[in-house]
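Structure, as structure tokens:
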């Protein structure tokens, strides 16, 4: 903790942070809004995460946590983390899609890109997405998935088969292969 900075009072600290927030929130929002190509919800979430980090650091005794240079530095890290999460999630969905469609009985979908795989998986029910990711991305066995979901092994096997069929149906719809 920086010994040269001493807290005045909780009310004064809250007032200082509130004043900083009011002056910085719009600039920070514009920064994120441009970076995430106009996705309002994501920009708002990133602003919230950044200010939460700022408030936590300020309360821990870092007076520079309520300065724009510090805030922009944290914002950049939050933005990088956001894009890393997106890339990781996209890779998982592509892996799940490719693994679910790797059977010799399935059509060949080697030319599927990440965006198409993501959109196809979004078209599935949450239960189908979940089992495909657990089975083919996380590489869990049917019995491990059954334990995690509280289902029987037989019910889990059936769910995985139905999920694969649902994904194949989505692919056929998109590709007009009926």
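We did not get these values from a lab; they are worked out from the coordinates using the rules stated. All values derive from a computational prediction rather than experimental measurement. Note that each Cβ is placed from the backbone with ideal geometry, even for glycine, and that neighbours are counted across all protein chains shown.
If a residue must be assigned to a helix (DSSP H, G or I), within 14 Å of residue 94 (Cα to Cα) and without any contact (Cβ under 8 Å) to a residue 24 or more places away in the chain, how many such residues does segment 130-175 contain?
Qualifying residue count, segment 130-175: 2.
What is the residue count in segment 125-143 for residues that are over 23 Å from the mean Cα position of the chain (by Cα) and loosely packed, with under 15 Cβ neighbours inside 10 Å? Reasoning before the result, please.
First, pick out the residues of segment 125-143 that are over 23 Å from the mean Cα position of the chain (by Cα): 141-143.
Next cut, loosely packed, with under 15 Cβ neighbours inside 10 Å only: 141, 143.
Residues flagged as over 23 Å from the mean Cα position of the chain (by Cα) and loosely packed, with under 15 Cβ neighbours inside 10 Å within segment 125-143 amount to 2.
Residue-by-condition table, conditions (1) in contact with a helix residue (DSSP H, G or I) (Cβ under 7 Å, 6 or more places away or on another chain); (2) surrounded by 13 or more Cβ atoms within 10 Å (Cβ to Cβ); (3) under 19 Å from residue 13 (Cα atoms):
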| position | (1), (2), (3) |
| --- | --- |
| 34 | no, no, no |
| 37 | no, no, no |
| 44 | no, yes, no |
| 49 | yes, yes, no |
| 54 | yes, yes, yes |
| 57 | yes, yes, yes |
| 74 | yes, yes, no |
